[in-house]
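Here the structure is laid out as C-alpha cells; the discussion comes afterwards.
A short reminder: the numbers here are calculations on the coordinates, not readings from a lab. Please read these numbers as outputs of a predicted model, since none were measured by experiment. Cβ sites come from the backbone with ideal geometry, for glycine too, and all protein chains shown count toward neighbours.
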Amino acid sequence: MSQLENIYISPLELCNLSCLYCYTQKPKTILNNQQILDFVKNYQKITKLKSIIFCGGEVFTLPDFPKLVNNLIDQNIFITIITNGTIDKLDEIKSPQNCQLIVSFDGPQKIHDQNRGAGNFIKSKKFVKKALKLGFPVEIFYLITKDSYKHKDKLNIFNLHKTYLTDRLGSLSSDQIKNIRNNYDCYPPKNFGCNIFSLQSNGKFYGCCESTQSIGSLSDPLDQVVKKYIDIITLHPKCYDPNYHCRLS
C-alpha cells in the first residue's frame, strides 16, 4: 500500500518563532534521534519506507537533527523537511539532492514579517538561495490569510513552485478557502486527502498529520498500529471521519 511508504514525523512542536497565525499546541515533548531510528528500523520490518516528511515546530532547532537526516538518507530514505528557513544547518546535510526543503512564506515581506518577526523574510529568502546553490530541491509553502490572499498570485521566490496552505484560525471566508482549494496546488493535495501515517513528538501515532485522535504509541506493537491505520484509511480514504482526520477542504 503506497500510503505506508511515505510517513510523517514531528520530533517536536516547539519553535524559534512565535507566528501570529500559528495554530498548533506547543507541548515540550521531543523525540530524540535514537527513538526515531529505532522506530524506522521496526517499521522497515513491516513495509518498505521510501520517504519521511519532517515538520514541527522547527526541526532545525534540534542540535543533532542533521545527523538524523544523514543517517536516514544513508538508508535510501528520501527526506522532506518543512521549515521556516531561519536556522541554517544546510552545510551539515551530506546529500542535499536527497533532501527536499519546503520553506514557509506568509506573503510579501511586510506581511511575512508582521506575522513572523522583523527581518525573517530576508533571512528565509537567503536560506532558500543557499539551499538552491547547494543542490537541495526546494518548494515554497505559502500560507494564505486574510492579509496575504490578495497577493496569492504575486509572491515569487526564485520562480519556485508554491504549495498553498489556508489559515486554520478562520481569517479567510469560505469562498476564499474554496477558491484556493479548487484552483491552486494545496496541502494536502486534492487527490491525497491528508491520510499519512504520522508519529508525533508525544510518541503517539495518528492517521493524519493534523489529527488529535491517537491510534497507538511507540510502546504498542507496531504491526497492530499499522493495521489500525490501514483499517481507518480503507473506511475513510479522504479524511471524512472527524474523529481521525481533519477537515481542511
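Along Cα→Cβ, 7 Å out, is where each label goes; now give me the distance between the ones at Lys146 and Thr29 in nm to one decimal.
3.4 nm
Can you give the % of DSSP beta bridges in the chain that are antiparallel, to the nearest 5?
Bridges in the chain are about 20 percent antiparallel.
Given the DSSP H assignment, sum -39500 (n - 2.57) over each helix run of at least 4 residues in the chain and divide by its residue total; what's the result at 222 nm in deg cm²/dmol, nearest 500?
Counting only the DSSP helices, I get -9000 deg cm²/dmol.
Hey, rough spin-label estimate for Tyr187 and Leu134, points 7 angstrom out along Cα→Cβ, what's it come to in nanometres?
So the two model labels end up 1.9 nm from each other.
Can you give the convex hull volume of the alpha carbon atoms of segment 2-235 per residue, in Å³?
Spelled out: Cα convex hull of segment 2-235, divided by residues, is 124 Å³.
On full extension of the chain, what length is gained from Asp220 through Lys126, given 0.36 nm per residue of separation minus the C-alpha to C-alpha distance?
Net length gain for the segment: 29.6 nm.
Given R₀ = 35 Å, FRET efficiency for Ser95-Leu235 by Cβ-Cβ distance, to 0.05?
The calculated FRET efficiency here is 0.35.
In percent, how large is the relative contact order of segment 120-209, given Cα pairs closer than 8 Å and 6 or more residues apart?
19 percent
I need to check one value: relative contact order of the chain, counting alpha carbon pairs closer than 8 Å and at least 6 residues apart, in percent.
Computed value for the chain: 18 percent relative contact order.
Where in segment 71-109 does the label zone of Ser18 land, with the point 7 angstrom along Cα→C-beta and an amide N cut-off under 20 Å?
84-87, 106, by backbone N distance to the label point.
Report the full-extension gain for the segment Thr212 to Leu160: residue separation times 0.36 nm, less the Cα-Cα distance, to one decimal in nm.
Answer, rounded to one decimal: 15.5 nm.
Which whole-Hz couplings ³J(HN,Hα) result when phi for each residue of segment 52-67 is put into the Karplus expression 6.51 cos²θ - 1.76 cosθ + 1.60, θ = phi - 60°, listed in order with x for Gly and Pro?
Once θ is set to phi - 60°, the couplings for segment 52-67 become 10, 9, 9, 8, x, x, 10, 5, 6, 6, 7, x, 9, 4, x, 5 Hz.
What does the extension gain come out to for Lys50 and Asp88, with contour length at 0.36 nm per residue minus their alpha carbon separation?
Separation in residues times 0.36 nm, less the Cα-Cα distance, equals 11.1 nm.
Convert each backbone phi in segment 78-86 into a coupling constant with the Karplus relation 6.51 cos²θ - 1.76 cosθ + 1.60 (shift: θ = phi - 60°), then list the ³J(HN,Hα) values in order as whole Hz, x for Gly and Pro.
So the Karplus estimates, Gly and Pro as x, are 7, 10, 10, 10, 8, 9, 7, x, 10 Hz.
Find how many whole Å separate the alpha carbon centroid of segment 108-124 from the alpha carbon centroid of segment 1-67.
25 Å
Can you tell me which of 76-89, 14-27 comes out highest on packing, and rank the rest after it, using the mean Cβ neighbours within 10 Å?
Going from most to least packed, we get 76-89, 14-27.
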